[in-house]
There are 2 protein chains.
Amino acid sequence: MSVSIKDVAKKCGLSVSTVSRALNNQYGVSQKAIQLVQQAVKELGYVQDQNAKDLVSKKSNLVGVIIPETDFEARPAFFEILPYLSQTLALYQKEMIISPVTVVPHQYESQTLEMIIRKRKLDGCIILPGFISAHPIYKEAKKLSYPIVCVGENIISRTCSNINIDDQKGASMAVNHLLANGHRAIGFINGPSHANICLERLEGYKQAMHEAGISWEDNWMMESDFTGEGGAKSIERLLQTSPTLTACFFANDLMAIGALAKLTSLGIRVPDDFSIIGYDGNFLTKYTSPPLSTVTLHSSKFGIKIAELLVQLINGGTGKSEKLAPHLISRESVKKI
Amino acid sequence: MSVSIKDVAKKCGLSVSTVSRALNNQYGVSQKAIQLVQQAVKELGYVQDQNAKDLVSKKSNLVGVIIPETDFEARPAFFEILPYLSQTLALYQKEMIISPVTVVPHQYESQTLEMIIRKRKLDGCIILPGFISAHPIYKEAKKLSYPIVCVGENIISRTCSNINIDDQKGASMAVNHLLANGHRAIGFINGPSHANICLERLEGYKQAMHEAGISWEDNWMMESDFTGEGGAKSIERLLQTSPTLTACFFANDLMAIGALAKLTSLGIRVPDDFSIIGYDGNFLTKYTSPPLSTVTLHSSKFGIKIAELLVQLINGGTGKSEKLAPHLISRESVKKI
DNA sequence: GTGAAAGCGCTAACAC
DNA sequence: GTGTTAGCGCTTTCAC
């Protein structure tokens, strides 16, 4: 019932192979044949069967995207990059197939990375973050010799690249922005210190302060929990212990937003009395009052870069590590002093 | 180099067809044969070639998800349901392939829905929202006889279902919450009235007010633009023209958050002086001060339902329309009076 | 219970 | 330039 290449060939009075060649714009086909074929394709409503094509050519033009299989309550991060990935891959004639993989290490066996790849002869795959570093998928990614890009995890091999956000640099940028506006006594409210990203952000803070020749005090820094409430509580305590601070950098926007509300309710005006800057570029920072300055990495940029890394690998490139620098969004929560 | 069913057969000393039957747990295979095959599969690291399988069985266990191809600046909505879709489809042994489609009607031709489906023999597909109603893809969806689920658009046919959020009901729920807390003079700040969702939310507001026997006034309602700034400006104007209002329902959270900031800066305390409720369930509403009451439909619920609708269609069900009711999240921005 | 053989829709030698 | 043929990895009659 479905029309195949044979039907097109018959209609044209040509052989199947000529039609195939015409369809794939290869050399050695007459203009006349090409026209005949195009005509027949249109009339018959012929669509190439990608499966059959893949079967013989032993590649699929399909890219796997591995996402952590969360329970249905958790709000998965990172998924906004999916459309950018998809669109960028489309530029290279690649389609994207999504494979959820369990985050529970000892359940990882029925659906290994290798099986996922081989099942559909994937050209390569992208592992999105959300797995713990000890998850067996990373060991496998390193071992396997298929093109793989690990996002947010430092795996590298001949056929495996990784990409990370340069959080240290991002944090430095935030602090430098405060410094450039004349602040010197700058607080820092970080997330849980066991997280890698927090370590990096801390380094960024220290580095920027160090380069500015400022000897900061330990009680300028505080560890919190990335929530709005946490930010609110932390800023209140921070200002009690270190009342000389004129500004504060928050390791994420949520804490900054929480702190902003708290400061306002405390009668401390932002930015007139106190300057703050967040981190992440959450889209709601645009709508706070005052709009929050922050540091961000656009999903689009990230998505495009990831896709390109994978395409390089597919085209025979060697695995590499990439760090993407975020950029500053300067709004109105920082005042020049 | 890749190990095929032949290799397994050879290793077992069985024929290819027996191995195939064993692999697909069919009847008429001896226990011994099954064990032999399982053993060989393990030792050889054999993985079935889904493509070859699909080629002969003429189906793919692949589901297409059509997403609007946005420019790289726009922040695409709805993508957080993707993982839920994917996970639910996985329950039915279906994998998910993403196809971006241009939102520009007259560019829609090189990649039609039919081509996308036939190219990989998709079992069915899901069209995510983001296209204008006049987009040719919807006409095609209605015409085609492949299982299709349209999200947010009212297309229906024998093989095409649609699913929508019941915004009218959601809006009623929000207003009813205000009513239940004793408010009667309730304002409503809507989004742009040309949008369908705004019409529905308006109806919901009117219905709830009507059922409560309240004759509202036209200047209790105001049209805004779904932004935080818009919400801020609107609430200020609304309170000037209608100072008797004790509460307001906002057609989205952003406007409510903007308004919240404005009210606070105006010295109007929420909820003590004025109650507000938003719409959408944006996760940041949890972190505003006070936390914002709102109405939401969990992505997870939505994703699961969409996937199930499609599976029903694939299994031979008939197209139907589904409306999903959101639910209320009661927090602290509404006071009992 | 098992095997031989045909064929799914396509590409890629290899001939002509 | 074009046609013939083999074969990709699998399922599925049809024999035995």
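The values are calculated or read from the model by the stated rules, or taken from the named source; none is laboratory data. Not measured: the values here are computed from a predicted model. FYI the Cβ positions are ideal-geometry reconstructions off the backbone, even for glycines, and counts take in every protein chain you see.
Could you tell me whether any residue of the range A:255-271 is touching a strand residue (DSSP E or B) at 6+ places or on another chain (Cβ under 9 Å) and under 30 Å from A:Ser86 (Cα atoms)?
No, there is no match, as no residue in the range A:255-271 is touching a strand residue (DSSP E or B) at 6+ places or on another chain (Cβ under 9 Å) and under 30 Å from A:Ser86 (Cα atoms).
Determine if the range A:129-150 includes at least one residue that is in contact with a Pro (Cβ under 8 Å, 6 or more places away or on another chain) and within 14 Å of A:Ala307 (Cβ to Cβ).
no
I'd like the residue in the range B:271-285 that is surrounded by fewer than 24 Cβ atoms within 10 Å (Cβ to Cβ) and more than 7 Å from chain A (Cβ to nearest Cβ) and, out of all such residues, is nearest to A:Gly231 (Cα to Cα).
B:Asn282
Could you tell me whether A:Lys143 is charged (D, E, K, R), away from DNA strand C (no atom under 16 Å from the Cβ), surrounded by 20 or more Cβ atoms within 10 Å (Cβ to Cβ) and farther than 27 Å from A:Asp280 by Cα?
no
Could you list, in sequence order, the residues of the range B:11-38 that are more than 7 Å from DNA strand C (Cβ to nearest atom) and surrounded by 15 or more Cβ atoms within 10 Å (Cβ to Cβ)?
Of everything in the range B:11-38, those that are more than 7 Å from DNA strand C (Cβ to nearest atom) and surrounded by 15 or more Cβ atoms within 10 Å (Cβ to Cβ) turn out to be B:Lys11, B:Cys12, B:Val19, B:Ser20, B:Ala22, B:Leu23, B:Ile34, B:Leu36, B:Val37.
Would you confirm whether or not the range B:19-27 contains a residue that is in contact with a Cys (Cβ under 9 Å, 6 or more places away or on another chain), more than 30 Å from B:Ile117 (Cβ to Cβ) and more than 14 Å from DNA strand D (Cβ to nearest atom)?
There is no residue in the range B:19-27 that is in contact with a Cys (Cβ under 9 Å, 6 or more places away or on another chain), more than 30 Å from B:Ile117 (Cβ to Cβ) and more than 14 Å from DNA strand D (Cβ to nearest atom).
Just one of the numbered conditions (1) closer than 11 Å to A:Val63 by Cβ; (2) facing chain B (nearest Cβ under 10 Å); (3) among the small types (Gly, Ala, Ser) is not true of A:Gly124; which one?
(2)
Tell me the residue from A:Lys143, A:Lys139, A:Lys121 that is on the phi > 0 side of the Ramachandran plot and of a type outside the set (A, V, I, L, M, F, W, C), please.
A:Lys121
Of the residues that sit in the range B:49-67 and are away from DNA strand C (no atom under 14 Å from the Cβ) and crowded, with 18+ Cβ neighbours inside 10 Å, which one is farthest from B:Lys11 (Cα to Cα)?
Result: B:Ile67.
Under 8 Å between Cβ atoms, at least 6 apart or on separate chains: pull out the pairs that start in the range A:38-54 with a residue that is under 15 Å from B:Ser110 (Cβ atoms) and end on any residue that is of a type in the set (D, E, K, R) and more than 12 Å from DNA strand C (Cβ to nearest atom).
The qualifying pairs are A:Gly45/B:Glu114; A:Val47/B:Glu114.
Taking into account only those residues within the range B:180-203 that are surrounded by 19 or more Cβ atoms within 10 Å (Cβ to Cβ) and assigned to a helix (DSSP H, G or I), which is modelled with the lowest pLDDT?
B:Ile197
Looking for whichever is more than 18 Å from the chain's Cα centre (by Cα), over 22 Å from A:Asp49 (Cα atoms) and not aliphatic (A, V, I, L, M) here; the options are B:Pro105, B:Pro129. Which one fits?
After ruling out the rest, the residue left standing is B:Pro105.
Go through the residues of the range A:229-237 one by one and say whether even a single one is farther than 16 Å from B:Thr264 by Cβ, within 10 Å of another protein chain (Cβ to nearest Cβ), buried (at least 24 other Cβ atoms within 10 Å of the Cβ) and of a type in the set (D, E, K, R).
The answer is no; no qualifying residue exists.
I'd like to check which helices (runs of 4 or more DSSP H) are fully inside the range A:1-105 and have at least 2 residues that are closer than 24 Å to A:Gly303 by Cβ.
Result: A:82-91.
Every residue in the range B:106-142 that is assigned to a helix (DSSP H, G or I) and under 19 Å from B:Asn315 (Cα atoms), please.
B:Ile117, B:Arg118, B:Ala141, B:Lys142
Restricting to the range A:204-217, name every residue that is small (Gly, Ala, Ser) and either part of a helix (DSSP H, G or I) or over 24 Å from A:Pro243 (Cβ atoms) (or both).
Residues satisfying the conditions are A:Gly204, A:Ala208.
So if I check each of A:Ser289, A:Ser275, A:Ser265, which one is among the hydroxyl-bearing types (Ser, Thr, Tyr) and at pLDDT 95 or above?
When all the criteria are applied, what remains is A:Ser275.
Can you name every one of the strands (runs of 3 or more DSSP E) wholly within the range A:228-332 that holds 1 or more residues which are touching a residue at least 40 places away in the same chain (Cβ under 8 Å) and within 30 Å of A:Tyr146 (Cβ to Cβ)?
Hits in the range A:228-332: A:321-324.
For residues that are within 12 Å of chain A (Cβ to nearest Cβ) and at pLDDT 90 or above, tally how many sit in the range B:107-121.
10
Name the single residue that is nearest to DNA strand D (Cβ to nearest atom) among those in the range A:39-48 being surrounded by 16 or more Cβ atoms within 10 Å (Cβ to Cβ) and either more than 9 Å from chain B (Cβ to nearest Cβ) or over 15 Å from B:Leu122 (Cβ atoms) (or both).
A:Ala40
Pick from B:Ile98, B:Ile81: which is away from DNA strand D (no atom under 16 Å from the Cβ), touching a Ser or Thr at 6+ places or on another chain (Cβ under 6 Å) and over 20 Å from B:Lys121 (Cβ atoms)?
Only one candidate passes the filter, namely B:Ile81.
Taking the range B:204-228, which residues are at pLDDT 95 or above and within 14 Å of chain A (Cβ to nearest Cβ)?
B:Ser224
A:Lys11 fails exactly one of the following numbered conditions: (1) modelled with pLDDT of 90 or more; (2) more than 14 Å from chain B (Cβ to nearest Cβ). What is the number of that condition?
Of everything listed in (1) modelled with pLDDT of 90 or more; (2) more than 14 Å from chain B (Cβ to nearest Cβ), A:Lys11 misses just condition (1).
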